[in-house]
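Reading through the C-alpha cells given below for one structure.
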Amino acid sequence: MSRNDIIGDFGLKFKSILIIFNFALIFFMVALVFVPYSMSPAPFTGFYWTFTWPFLLILALFFLGFNLFYIRNRRLFVLLQKEDWPALTRYLENRVIKKGSYSPRLVRLLANTYLLLSDAAAVMSLENKAAVANPKIIDANALIFGTARILGGDIPGAARFFASRKETAKGALKDWISWYCAFTLLLNRQYEAAGKEFTFLTTVSEDKIISGLSCYFLAENIAYLLPESKRELTETAFKGRERLQKTLSIKDWNTQTHRLASEIHVAAIAKYLDETGRWLYR
C-alpha cells in the first residue's frame, strides 16, 4: 500500500461506514416503531413504549450527530476521496493554522498530508505551532513527527527526538518509539548504541513485528558493523528468530504487517518489513 493510498482510503472507508451506519440505524428505528403493531393493538402505550422510547431517542441522537459530523466535514472527506493533496493541504491549513483548531485528528491528518507531498519542512513547522497550542499533540503523534525528520534527512535530529521520548512514551507507542530510536542511532552511525537498543527489543518487546525487525537489523546490519561482537549479536538475533517462528506463522506475519501498512510511519519502512519477513521465514 502506497502512502497515497493510506489517506485516500480513509475517506472512502468513512463514506462506506456512514452509509452502513445510517441504514442500520434507520432499520432499528423503523423496527422499534412498526414491529409492535403486530404484537399489540395499542403499541405506543404500556410497558413496551416506556422501555422503548428512550432507546429510540438515543438512536435518533446518534443518527443526527453522526450525519452532522459528516456534513460539517464533507469538504474534507470529498478531498480525501479525490486524493487532491494540494487542495486538502490548503483546507487543513485553514482549519488548523489560520483558525487555530489544533485537534489531534486534524493535526495528524495535516502532518500525514505534508508527508505525502514530501514536505518534511512543513511538518516541522506544524510541529512547532502545535507544540505551542497543545504540547500533548506532539507526544501523541511522535512517530509521525519523528519520521518526518528521517524523511527530511535530519538523522541526528530524529535520533534526539526519539531518544527524548523513549522513557515517557506509553502503551504500544513505547516499543515503536524505542525501535525508531535504535533505527535512527543506526542511521546516525552510532552502532554500539543501536545494537544495545535492538538487542533489548529483541528479548523484551511483546510486539512481534518490532521483535522481528530488531532481530533482522541485528543479524543483517549491526553484526557486520561491529565485527568484534558479531557472534554474540548473531546468536541473539537467531534465538529471537526461532522464538518468533514458534509463535508466529508467515501468514500471521503478513496479516499483521498488512494491517500496520495503514500507518504512515510504517509505510516509510515498508521495504524493511518485506526484507524481515523473508529473513524470518526463508
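Every read-out reported here was derived from the displayed coordinates using simple, explicitly stated rules and does not represent laboratory data. Treat the numbers as computed from the prediction; the structure is a model and nothing was measured. Every residue, glycine as well, gets a Cβ built from its backbone with ideal geometry; the counts of neighbours run over all protein chains shown.
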Rounded to the nearest 500, what is the 222 nm mean residue ellipticity of the chain from helices alone, with -39500 (n - 2.57) per DSSP H run of 4+ residues and division by all residues? -24500 deg cm²/dmol
Taking Cα atoms, the helix 46-72 axis meets the longest principal axis of the chain at an angle in degrees (rounded to 10) of 50
Out-of-range pairs (alpha-carbon distance over 31 Å; input LYS129/LYS166; LYS98/LYS208; LYS170/LYS196; LYS99/LYS271): LYS98/LYS208; LYS99/LYS271
How large is the Kirkwood hydrodynamic radius of segment 132-262, counting all unique pairs of alpha carbons, in Å? 15.3
Kindly express, to the nearest 10 degrees and within the range 0 to 90, the angle between helix 191-204's C-alpha long axis and the longest C-alpha principal axis of the chain. 50
Please give the helix 172-187 orientation as an angle from the longest Cα principal axis of the chain, in degrees from 0 to 90, rounded to the nearest 10. 30
Distance between Cα centroids, segment 209-273 to segment 168-182: provide it in whole Å. 16
When the gyration tensor of the chain is built from Cα positions, what are the square roots of 5 times its three eigenvalues, in whole Å, from largest to smallest? 45, 26, 16
Please find the FRET efficiency linking GLU220 to PHE21, where r is the Cβ-Cβ separation and R0 is fixed at 35 Å, and quote it to the nearest 0.05. 0.15
What does the charge dipole of segment 166-282 about its Cα centre add up to, to the nearest 20 debye, if the Cβ of each Lys and Arg holds +1 and the Cβ of each Asp and Glu holds -1? 220
What are the ³J(HN,Hα) values, in whole Hz, obtained from phi via the Karplus relation 6.51 cos²θ - 1.76 cosθ + 1.60 with θ = phi - 60°, for each residue of segment 147-159 in sequence order, with x given for Gly and Pro? 4, 4, 5, 5, 5, x, x, 8, 5, x, x, 5, 4
